[in-house]
Structures are given as structure tokens and as C-alpha cells.
Amino acid sequence: MLELIVISTLNGVLFGMLLFLLSSGLTVIFSMMGVLNFAHASFYMLGAFFGFQLTKWIGFWPALVLAPLLVGAIGMAVERYGLRNTHKHGHVAELLLTFGLAFAIEEIVSMIWGKSPVDYRVPALLDFPAFTIFSTNYPAYKIFMLAVSVVIFVALLLVLKRTRVGLIVQAALTHPHMVGHLGHNVGRVFMAVFGVGSALAGLAGVIAGPALVTQSDMAASLGPILFVVIVFGGLGSLPGAFIASLVIGLVQTFAVALDGSLASAFGPLDPSSGPSVLTDIWNVTIAQVAPIVPYMLLVLILIVRPLGLMGTRES
């Protein structure tokens, strides 16, 4: 039991920090621009495939820098030539644009790299066990992923809360005309914010690609839970996204590891006491319902606190 708790906690924190690294960009975009980008997970996928391709050409460490920059440049182009033109038509137009863009990116990736998983491997420098706990070797690469996520969280908080750049970006959302009169180009500010958010998603893809499966449907597998994180934590709240990522990562990891059921806790159900569907539900294990646990948490938080844990924006 102690081994289960320790290993599941480590894996849960790691998965939670990966979720935060992925959701941080979307949180920054929404908090500064009010845009809920449905294509954000697709930028994560682009980061993974760009990282894979650049790693084959020039190595993992240059790819770790260049791939997020490429994804950020694509994000800036999307904002400049797409979202900026649809912004005047309201949030529905923005959602539809990013929704269609997500499908377009997935098809383009499938055309270039195919639908099968690619051979994106952990760099040799980090391909060793960092430590051994309960006879289980914990990879150094996972520690690297955790460290990068923590650094990104601290850096984003410092930039947004402690620097002049962060003040300008936040002011541009609520008082764009005033910021413009002070000599700042509001359009460029928004474009830069969207580019940084997209680059963060690309960085998550580059880092997660070797540890997870890199294939053309990876955006669809992580996209829904990404929105669970930002809604659970509170739309536009970076600390909220951080807490929600850890909570969901830990809850889902422990749920997958637990094999208990109502039958194991209270004994088997008498077949004559009810319909067969009731017996089936009685025998369902926690691990079997683990994939829907985050969405159950989402429904619960929306009922109890619609703004999320630390959300302040209502629109």
C-alpha cells in the first residue's frame, strides 16, 4: 500500500504538472484576451511533431528551443490574420474559427507524418533512472519534465505580476484605448500574448512527446481534459490552473491504480435482488471509471462554484 501511494503520488504530480504546462498557455491567452482557443491542444501536437522532426535533423536540445518558437510564430499568424478579423463578430465566431483550425491541423499532421505513432525517443543525456524507490526505477526525464513545468509556472507568475510587460498586457485587455494612447500597439500586444501561449503549448508537446505517444490524435486525447483543468481552476486564473492540474492529475492517477468496487467493499450483490444492470454497476471498479472522474469533478465544481476554484472572469 505504501508503494502504491508513493508511486501514484509521483506519477500524479508529474501528470498534473504536464497538464499545467499545457493549460498555462491557454490560461494566459484567456486571461489577457478573453479568447477560449479550441485549437490549443493542436498547437501542443504541433510542438511534439516539430520536436520529433527537428530532433532527427539537429538533436533534441536545439529542438527544445526551436519547436516552441515555430509553434509560437504559427500562433501569432493565427491571431493576426484570423482571430483579429473575427473578434468584432464576438466569441462565437472565435470559437468556430479555432474549432475548425483544430481539425485542419490534425489533418495536415496526418498527411505529413501519418496516423501511426512516430519514434520520438527520450534524449540520451536523460535516458537513465534518477532514483530507485520500492524497486521501481524513476526516469530522469520525468524529473526534467517536472522541473521545466515548475520553472514555467514561477516565470509566468513573475512576468505577469511583477514586471512592466505584465502590467501593460493586463491593462490592454480592460483599457485598450488608454494603453494605445500611452504609445503601445495593442494589436501587437495581443498577437504577442497569443504567440507566447501557443509557444507554451508547443513546449509542452516537445517535452511530453518522448514520454507519451506522439501521433496525430494526441490532441484529441488531451484536449478535453485541458478544458476541464482551466474551468475547474477558474477561467483566466494561473494559480487556479496550477492547483486544478495537480488535483486532477493526482485524482486520476490514484483512480487508475485502485481496483476496488462496491462488490469488494460490501460483498457481491444477490442476483435475485435486482436487474442485471444493477449487478454490473455493483461490480464496476474505480479503475474502470477513472477516465470519467475529471469530468465528474468538472460537473461538481460548476454546480458548487461556477467560476471555478479561483476564477474571477464571468465572460
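Observations
- Estimated distance in nm for a label pair at residue 125 and residue 92, the labels positioned 7 Å out from Cα along Cα-to-Cβ: 5.1 nm
- In degrees, nearest ten, helix 91-113 long axis to first principal axis of the chain (Cα): 70 degrees
- Here residue 4 and residue 85 are evaluated by their C-beta separation; at R0 = 41 Å the FRET efficiency comes out at 0.20.
- Where N is the number of residues in the chain, Cα Rg divided by 2.2 N^0.38 Å: 1.09
- Helix 218-233 axis, angle to the chain major axis (alpha carbon atoms, nearest 10°): 80 degrees
- Amide proton proximity set for residue 133, modelled H, under 5 Å, gap of 5+: 138
- Using a Gaussian network model of the chain in which every pair of alpha carbons under 10 angstrom is joined by a spring, one finds that among 132, 214, 98 the greatest mean-square fluctuation is at 132.
- Most fluctuating residue given options 68, 291, 239, as computed from a GNM of the chain linking Cα atoms under 10 Å: 291
- The chymotrypsin sites (Phe, Trp or Tyr not before Pro) of region 101-137 that DSSP puts in a loop, and whose beta carbon has at most 12 other beta carbons within 10 Å, are 134.
- Theoretical gain in end-to-end length, residue 287 to residue 133 [0.36 nm per residue, Cα-Cα removed]: 53.1 nm
- Amide H to amide H distances under 5 Å link residue 309 with 233, 234, where only residues 5 or more positions off or on other chains count and H is placed in the peptide plane.
- Potential lengthening of the chain between residue 265 and residue 159 amounts to 33.2 nm, from the contour at 0.36 nm per residue minus the alpha-carbon distance.
- Between the listed residues 144, 296, 196, the Cα displaced farthest toward the positive end of the dipole of the chain, a dipole computed from Cβ unit charges relative to the Cα centre, is found at 196.
- Sequence-distant lysines (8 or more away, or on other chains) whose Cα lies within less than 21 Å of residue 115: 56
- Degrees, to the nearest 10: 40-58 long Cα axis against longest axis of the chain: 80 degrees
- Cβ-placed point charges (K, R +1; D, E -1), dipole of the chain about Cα centre in debye, nearest 20: 1180 debye
- Förster radius 51 Å - calculated FRET efficiency between residue 107 and residue 300, Cβ distance, rounded to 0.05: 0.90
- Candidates 250, 200, 22: whichever shows maximal mean-square fluctuation once the chain is modelled as a Gaussian network with Cα springs under 10 Å: 250
- For region 115-212, the convex hull spanned by the alpha carbon atoms encloses 155 Å³ per residue.
Read-outs: derived from the displayed coordinates by stated rules, not from any lab. The structure presented is a predicted model; accordingly, all values stated were derived computationally and were not measured. Neighbour counts are summed over all protein chains in view; Cβ atoms, including those assigned to glycine, are modelled from backbone coordinates with ideal geometry.
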